[in-house]
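Heads up: the structure comes next, in structure tokens.
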There are 2 protein chains.
Amino acid sequence: MKLRELGEDEVVRRLIRSLPVTRRALVKAGDDCAVVRVSGGVQLLKADCIVEGIHFLADADPKRIGWKALCRAISDIAAMGGKPLDAVVTVALSREIEFSWLNSVYAGMRNAAKRYGVSLVGGDTAQSPGPVFISVALTGIPTDGKYVIRSGGRNLDCLYVTGKLGGSLRGKHLRFHPRLSEAQWLIRKFPISAMMDLSDGLATDLPRMASASKLGFEVDPVKLPRNTECTAEQALRDGEDYELLFAIAPGSAKRLEVAWRKDFPRLALTCVGRLMKGGATSFREKGHDHFRPA
Amino acid sequence: MKLRELGEDEVVRRLIRSLPVTRRALVKAGDDCAVVRVSGGVQLLKADCIVEGIHFLADADPKRIGWKALCRAISDIAAMGGKPLDAVVTVALSREIEFSWLNSVYAGMRNAAKRYGVSLVGGDTAQSPGPVFISVALTGIPTDGKYVIRSGGRNLDCLYVTGKLGGSLRGKHLRFHPRLSEAQWLIRKFPISAMMDLSDGLATDLPRMASASKLGFEVDPVKLPRNTECTAEQALRDGEDYELLFAIAPGSAKRLEVAWRKDFPRLALTCVGRLMKGGATSFREKGHDHFRPA
């Protein structure tokens with residue numbers, strides 16, 4: 001069976017079920033990052049790649065390509081409420097490419113590294129006979145000893161989304177700011193029960209969180225925060241938002257909203273619905289209520 | 001200027017000179033692995049990738065492709081004398097590929113992980129519009145608190161190579177065994193001053209070690225250990241040997257050779273020359289003495 005017939009989640013589910021994993025692994029493949037116990041504490045570990053023609057076009061600003069490559073991995077560390085530490089980068093590309101282009105990709109990575117306190121400790125190049133591939137591996141540590149996984153959601157938890165959704169391909173996907181300080185703030189101050197970053201769109205990512213938490217969900221489409229000129233459908237399905245999706249007990253919701261407005265007055269925080277036993281497990285593909293739970 | 005005009009070493013040298021790097025970084029980009037101080041000790045970190053059409057052909061046994069992808073990173077940890085710990089993998093490929101093929105790639109990685117004690121804590125897939133791309137990030141720790149870098153070579157150190165060189169493309173490049181236990185044995189028992197793995201061929205890698213150690217070298221071509229039906233030229237330049245190249249003070253050489261023969265009777269260990277102030281810095285491209293120092 002072809003990969004597209006199985007779908008990404010099923011492919012990953014099948015691949016990871018028999019991986020040799022140490023008992024030191026606290027969180028394995030399937031979450032935003034792996035979490036392993038190491039001497040001295042707990043480490044977060046993530047590898048991610050972007051591919052020309054899929055995640056960026058050949059004529060995109062190379063600084064933005066580098067920014068995106070590193071920030072995607074930072075966003076995954078943020079999704080666990082962690083602090084990023086050290087990155088190693090591999091770029092596979094044609095030898096016919098100009099050095100100045102590659103140098104600009106690295107300039108973009110350097111900018112992101114400085115901004116988010118990442119140390120770029122390794123860089124390597126390989127040859128590609130086709131598109132450019134940029135892979136980034138990033139380590140991190142928990143914030144104040146704590147991290148959040150996507151499977152911790154509880155029945156009736158409120159679901160929140162930071163920022164606005166949809167339309168990322170117009171440019172945000174190359175310029176986004178991973179919600180690092182916001183995620184660390186959340187994990188320090190509130191009992192967040194589940195969190196992830198929205199990379200594939202709420203319609204894909206929320207069912208993943210709900211399923212990992214063995215729950216369904218209920219989402220009010222009217223409340224979806226949308227970017228300018230985006231339909232609710234685009235907010236649900238465009239993907240590459242790199243915003244946070246998290247769940248928190250309803251008893252903490254009011255206090256969270258007040259504190260958030262004070263500390264992040266310029267970034268929207270929206271309650272989009274709740275996790276619910278027996279709730280929806282996916283979003284309908286079509287129909288006038290296509291973004292209601294099926 | 002195009003990348004091929006600069007050459008890989010110069011490209012990497014230019015890219016890494018302005019990377020933002022923490023003081024925790026003990027060894028930065030340019031060695032086989034990065035080495036960073038983390039809470040609880042020292043961590044090795046490596047990312048590597050293999051690309052269809054460059055590092056393997058589309059019709060290669062997928063189990064062997066997976067084996068190679070992980071073992072290349074293990075070989076880099078071995079090159080520092082380290083012990084590998086946790087790996088995360090990203091595979092970018094067409095959605096038209098059969099799941100059974102990808103599953104076999106993972107089976108090969110699982111085999112290597114089990115054999116060398118690596119925990120596969122994360123796996124992810126991405127789409128590729130072109131060749132298959134497999135990136136592996138691997139963490140490690142020093143052996144008994146020690147690790148070896150490639151820049152520690154001293155004047156008149158003897159240069160040793162494990163195994164035999166050349167002809168790897170006939171099959172060894174997909175089946176090689178990273179010299180992990182050998183490297184750990186070396187670092188435990190002997191004062192190894194510099195070490196690296198031979199991935200690009202002795203003619204490319206030895207000048208790197210010598211240059212990092214601010215020395216030249218002298219190599220006796222007659223003593224190069226060659227695989228069957230390989231010329232000395234092939235032993236020098238084919239690459240993908242994944243053997244160890246290391247330097248050790250001449251006073252320890254005899255004791256090393258005796259101990260090696262006892263503990264690794266089936267793996268050749270060959271003194272191929274020495275590091276030397278004012279020695280050669282590269283191998284000549286052509287001529288009947290082309291593998292003599294230029």
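Here's the yes/no breakdown for (1) at pLDDT 95 or above; (2) closer than 19 Å to A:Tyr242 by Cβ:
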{"residue": "A:Leu26", "(1), (2)": "no, no"}
{"residue": "A:Pro84", "(1), (2)": "yes, yes"}
{"residue": "A:Glu98", "(1), (2)": "yes, no"}
{"residue": "A:Val121", "(1), (2)": "no, no"}
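Among the residues of region A:180-187, are any free of Cβ contacts under 8 Å to residues at least 60 places away in the same chain, within 19 Å of A:Lys83 (Cβ to Cβ) and of a type outside the set (Val, Ile, Thr)? Checking region A:180-187: at least one residue is free of Cβ contacts under 8 Å to residues at least 60 places away in the same chain, within 19 Å of A:Lys83 (Cβ to Cβ) and of a type outside the set (Val, Ile, Thr). Here the condition is being hydrophobic (A, V, I, L, M, F, W, C), modelled with pLDDT of 95 or more, closer than 25 Å to B:Cys49 by Cβ and touching a Lys or Arg at 6+ places or on another chain (Cβ under 8 Å); of B:Leu165, B:Leu156, B:Leu198, it holds for B:Leu165 alone. Among the residues making up region A:114-134, those that are of a type in the set (A, V, I, L, M) and either more than 8 Å from chain B (Cβ to nearest Cβ) or surrounded by 24 or more Cβ atoms within 10 Å (Cβ to Cβ) (or both) are A:Val118, A:Leu120, A:Val121, A:Val132, A:Ile134. Among the residues here, B:Ala112 qualifies as of a type outside the set (Val, Ile, Thr) and within 24 Å of B:Leu44 (Cβ to Cβ).
Taking region B:31-97 as the region of interest, the strands (runs of 3 or more DSSP E) fully inside it that hold 1 or more residues being without any contact (Cβ under 8 Å) to a residue 40 or more places away in the chain and buried (at least 24 other Cβ atoms within 10 Å of the Cβ) are B:34-38. Within region A:206-218, is there a residue that is within 22 Å of A:Cys33 (Cα to Cα) and charged (D, E, K, R)? Yes, region A:206-218 contains a residue that is within 22 Å of A:Cys33 (Cα to Cα) and charged (D, E, K, R).
Working carefully through the options B:Gly130, B:Gly153, B:Gly201, find the one that is out of contact with any Phe, Trp or Tyr (no Cβ under 8 Å at 6 or more places or on another chain) and assigned by TED's automatic domain parsing to the domain that holds B:Val88. Residue meeting the stated conditions: B:Gly130.
Condition test on B:Thr204, is it over 18 Å from the mean Cα position of the chain (by Cα), over 19 Å from B:Asp157 (Cβ atoms) and of a type in the set (Val, Ile, Thr)? Against the criterion (over 18 Å from the mean Cα position of the chain (by Cα), over 19 Å from B:Asp157 (Cβ atoms) and of a type in the set (Val, Ile, Thr)), B:Thr204 does not qualify.
Total residues in region B:40-49 satisfying the condition of being on the phi < 0 side of the Ramachandran plot and within 8 Å of chain A (Cβ to nearest Cβ): the figure is 6. Look at B:Ala183 and say whether it is at pLDDT 95 or above, over 25 Å from B:Thr281 (Cα atoms) and aliphatic (A, V, I, L, M). In short, yes.
Scanning region B:1-16 for residues that are of a type in the set (Lys, Arg) and part of a helix (DSSP H, G or I) yields B:Arg4, B:Arg13, B:Arg14.
A quick yes/no check of all residues on (1) within 30 Å of A:Leu3 (Cβ to Cβ); (2) not in a helix (DSSP H, G or I):
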| position | (1), (2) |
| --- | --- |
| B:Ala113 | yes, no |
| B:Pro129 | yes, yes |
| B:Ser135 | yes, yes |
| B:Gly152 | no, yes |
| B:Tyr160 | no, yes |
| B:His177 | no, yes |
| B:Ala183 | no, no |
| B:Asp205 | no, no |
| B:Arg208 | no, no |
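Identify, please: which residue in region B:67-92 is within 10 Å of another protein chain (Cβ to nearest Cβ) and in contact with a helix residue (DSSP H, G or I) (Cβ under 8 Å, 6 or more places away or on another chain) and is, among those, farthest from B:Ser128 (Cα to Cα)? The residue in question is B:Ala87. Mind listing just one residue for me: the one in region A:93-113 that is over 21 Å from the mean Cα position of the chain (by Cα) and polar (S, T, N, Q) and, of those, farthest from the other protein chains (Cβ to nearest Cβ)? Per the stated criteria, the residue is A:Ser104.
Looking at B:Arg188, B:Arg154, B:Arg170, B:Arg179 in this structure, which one is within 17 Å of B:Lys68 (Cα to Cα) and touching a Ser or Thr at 6+ places or on another chain (Cβ under 7 Å)?
Step by step, each of B:Arg188, B:Arg154, B:Arg170, B:Arg179 is checked, and only B:Arg179 is within 17 Å of B:Lys68 (Cα to Cα) and touching a Ser or Thr at 6+ places or on another chain (Cβ under 7 Å).
Number of residues in region A:1-20 that are more than 7 Å from chain B (Cβ to nearest Cβ), loosely packed, with under 14 Cβ neighbours inside 10 Å and at negative phi: the value is 4. Is it the case that A:Arg64 is more than 7 Å from chain B (Cβ to nearest Cβ) and in contact with a strand residue (DSSP E or B) (Cβ under 9 Å, 6 or more places away or on another chain)? The answer is yes for A:Arg64.
The values are calculated or read from the model by the stated rules, or taken from the named source; none is laboratory data. These figures come from a predicted structure and were not determined experimentally. Positions of Cβ are generated from backbone atoms using ideal geometry, with glycine treated the same way; all protein chains shown enter the neighbour counts.
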